[in-house]
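Note sheet for the following structure.
The values are calculated or read from the model by the stated rules, or taken from the named source; none is laboratory data. Everything numeric here is computed off the predicted structure, so don't read it as measured data. With ideal geometry, Cβ positions are generated from the backbone for all residues, glycine too; neighbour counts draw on all protein chains shown.
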Amino acid sequence: MVNAMESEGYGSPKTLVALGGRKDLLLRRIRALVEIESPSDDKAAVDRCVEAVMKIAGGAGATAKRHRQRAVGDVLEVRWPGSRGLEPVMLLGHLDTVWPMGTLRTMPFRIGKGRAWGPGVLDMKAGVAMGLTAAEYLRETGRLRRPVLLLLSGDEEVGSATSRAMIEKLARECVAVFVLEPAQGLGGAYKTARKGVGNYRVRVKGVASHAGVDFTHGHSAVHELAWQIEKMRTFTDLERGLTVNAGVIRGGTRTNVVAAEAEAEVDVRIARAKDAARIEKKFRGLAARDQGCRVKVEGGMNRPPMERSAATVRLFRQAAALAREMGLELSEAATGGGSDGNFTSALGVPTLDGMGGVGEGAHASNESVVVEHLVPRTALLAEMMRSL
């Protein structure tokens, strides 16, 4: 990887000052995106957000290519040209949110107490606006060296099943990936490691009978599932960073009926890629204790872990050095949540995550970004784009 920072003295406060003049523009863009509600399960809504970003990108000197999808929001590929022959740097994000249509009525966008509030503002429409603004600034000032590829998916919050192949294909062409997800906590740490994520569904088929008249002829799927959940609980290994959580259970019809069916939805998190096969084997090995029941396991690992690799550490150290030159302190953190950066990191592409807004309340009613961090973090993102 070419490190232009060493020869050109990147990280000066000049970028910070210059982007300070674009603070109002940045906030307007964040507001515009937040006020276009875009829940993952509403393709038309996500596509309206895609259209809004395409309009911003066109005014910011970029070309936009829309990859239409059948069932989920379209994927948007935005590019700014750089020096010929250089691999691009990817800015990676998503436009879908967890919030249902109509949330704005009770959680309107607003600015108060030093924060911008609203559904999706932190996760991750602030990050999208920051990426657009940083790339636009570098282009307009003639400081864009490498081409920049901003890739925005429309199904990240529901697992990225549709967009994953495109993310991986385009990431292989890039020198590095900067993920515009929120920073970690109010301290604003960049994320250098994320856990891998799995989703399993354990279904049990039993035999129904009358709980009072014919109890012994029944085989309870609920009782069997309870035993299976207890078995799955033993899969957790905190020392390895491996956790298993049966978060949703369903079963039975009436209290006086021995249940014929039951199921559990199970969340799995792993810190090490090699544990994927281990946990898969454990789940596929689940067998019914009651021979009158049948156990079926569906699902599997959805995202590989983003492990703290040497390439990611180099990117973080570069970011920390640039931050110090701007009078900022930057720390790193690991998180149990996954992002599309998990995919790119697993490919071996240097990936740094958490380069979006600083705030709290993602997926919660207090979702907000701290306004005073928006310009410095956008400036740091711009400097990182220049430095490669």
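Any residue at all in the stretch 252-268 that is outside any loop (DSSP other than H, G, I, E, B), in contact with a Pro (Cβ under 6 Å, 6 or more places away or on another chain) and either within 17 Å of ASN342 (Cβ to Cβ) or not assigned by TED's automatic domain parsing to the domain that holds ASP214 (or both)?
No - not one qualifying residue is present in the stretch 252-268.
Yes/no per residue for (1) over 14 Å from the mean Cα position of the chain (by Cα); (2) within 28 Å of VAL98 (Cβ to Cβ); (3) among the aromatic types (Phe, Trp, Tyr):
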| site | (1), (2), (3) |
| --- | --- |
| ARG110 | yes, yes, no |
| LYS113 | yes, yes, no |
| PRO119 | yes, yes, no |
| LYS125 | no, yes, no |
| ALA134 | yes, yes, no |
| THR141 | yes, no, no |
| ARG146 | yes, no, no |
| LEU151 | no, yes, no |
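So, restricting to helices (runs of 4 or more DSSP H) that lie completely within the stretch 8-121, which ones have at least 1 residues that are in contact with a Lys or Arg (Cβ under 7 Å, 6 or more places away or on another chain)?
Those helices (runs of 4 or more DSSP H) span 23-34, 43-59.
Within the set of pairs 6+ apart or on separate chains, which have a first residue in the stretch 114-141 that is on the phi > 0 side of the Ramachandran plot, a second that is hydrophobic (A, V, I, L, M, F, W, C), and C-beta atoms under 7 Å apart?
Going by the 7 Å Cβ cut-off, the qualifying pairs are GLY114/VAL370; GLY114/VAL371; GLY118/VAL34; GLY118/MET107; GLY118/PHE109; GLY120/VAL34; GLY120/TRP99.
Just to check your reading of the model, which residue among ARG84, ARG48 is closer than 25 Å to GLY159 by Cβ, in the same structural domain as GLU367 (by TED's automatic domain parsing) and of a type in the set (Lys, Arg)?
Checking each option against the conditions leaves just ARG48.
Would you be able to say whether some residue in the stretch 338-356 is in contact (Cβ under 8 Å) with a residue 24 or more places away in the chain, assigned to a loop (DSSP other than H, G, I, E, B), surrounded by fewer than 21 Cβ atoms within 10 Å (Cβ to Cβ) and at positive phi?
yes
If a residue has to be out of contact with any helix residue (DSSP H, G or I) (no Cβ under 7 Å at 6 or more places or on another chain) and either among the aliphatic types (A, V, I, L, M) or farther than 19 Å from GLY300 by Cβ (or both) to count, how many in the stretch 250-270 make the cut?
Number of matching residues: 6.
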